[in-house]
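The values are calculated or read from the model by the stated rules, or taken from the named source; none is laboratory data. Being a predicted model, the structure only gives us computed values, none of them experimental. Here Cβ is always computed from backbone atoms with ideal geometry, including for glycine, and neighbour counts include all displayed protein chains.
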Amino acid sequence: MSRLKSELKNKDRQLTVAKISVICITVICFALIFVIYTFPSTLRIFIPPDMRAASQRPWWEVPPATVYAFAYQTFQQLNRWTLDGTNDYEKNITALKPYLTPSCEAFLQKDYEDRQRHSELRDRVRGVYEIPGRGFSDERVIIHNQDSWTVNLDLSVDEYYKDEPVKRVLTRFPISIVRMDVDSQRNPWGLGFNCYSSIPLRLEASETGEKK
């Protein structure tokens, strides 16, 4: 009789251990499913544009060339008024909203209102272009940390009023760029255009032949 009781106790103990094991395995499975479900389906990796030489860098590090390209393309699109600045400038701000930081968007909206108030948009055509020989170089991208940069864009600003040239100036625009990985569908760069980091500097014509 005592032997039977002992065997029953052993079986009960084994059943208890088996139940605990099943519960633990179930919890682990649900945890793995949760991790797999929440893990990002894509991973953004920045690859330097020049692959002629080997390059080793952390996957999260953004190459200076990528930061420069983002700053230049965004700034150029903002300042591309093909027909009329009154409509084009406002449309550009709206279209580029996914690439703008909230503070920069507010700054641009105020700039638009100020220009409109002073009649600096109507019938205006505008474009900005790189000054020859003053394009990308590592020195033009100042790295503050892994999430913040300043890009010095040396550009020619051309503006026309009813087909008449009214402005052609050479200017250095210090552009603030930050990491802004919010929506990869609307902003595949993972960067944010944060407007000016300081006041733009007008360049003299003689400076364009020098590389700074």
Flag if Thr74 is surrounded by fewer than 19 Cβ atoms within 10 Å (Cβ to Cβ) and among the β-branched types (Val, Ile, Thr): no
Residues located in segment 107-152, provided they are buried (at least 16 other Cβ atoms within 10 Å of the Cβ), hydroxyl-bearing (Ser, Thr, Tyr) and at pLDDT below 95: none
Within segment 164-190, residues touching a Leu at 6+ places or on another chain (Cβ under 9 Å) and over 23 Å from Thr82 (Cβ atoms) come out as Arg172, Pro174, Ile177, Val178, Arg179, Met180, Asp181
Just give me the residues in segment 153-178 being under 14 Å from Pro98 (Cα atoms), out of contact with any Phe, Trp or Tyr (no Cβ under 7 Å at 6 or more places or on another chain) and surrounded by 17 or more Cβ atoms within 10 Å (Cβ to Cβ), in sequence order. none
Considering only segment 154-202, how many residues are part of a loop (DSSP other than H, G, I, E, B), of a type outside the set (D, E, K, R) and more than 24 Å from Arg124 (Cα to Cα)? 10
Could you list, ordered by first residue, the pairs with Cβ atoms under 7 Å in which the first is in segment 3-24 and at pLDDT below 65 and the second is among the β-branched types (Val, Ile, Thr) and in a helix (DSSP H, G or I), at least 6 apart or interchain? none
Yes/no for Phe70 being within 29 Å of Leu108 (Cα to Cα) and either modelled with pLDDT under 65 or not assigned by TED's automatic domain parsing to the domain that holds Glu159 (or both): no
Answer residue from segment 81-100, given it is assigned to a helix (DSSP H, G or I) and among the hydrophobic types (A, V, I, L, M, F, W, C) and is surrounded by the most Cβ atoms within 10 Å (Cβ to Cβ) among those: Ile93
Restricting attention to segment 102-137, report how many residues are over 16 Å from Gln73 (Cα atoms), hydroxyl-bearing (Ser, Thr, Tyr) and in contact (Cβ under 8 Å) with a residue 40 or more places away in the chain. 1
Identify, please: which residue in segment 119-135 is part of a loop (DSSP other than H, G, I, E, B) and within 29 Å of the chain's Cα centre (by Cα) and is, among those, farthest from Tyr89 (Cα to Cα)? Gly133
Is it the case, given these coordinates, that Lys91 is of a type outside the set (S, T, N, Q) and without any contact (Cβ under 8 Å) to a residue 12 or more places away in the chain? yes
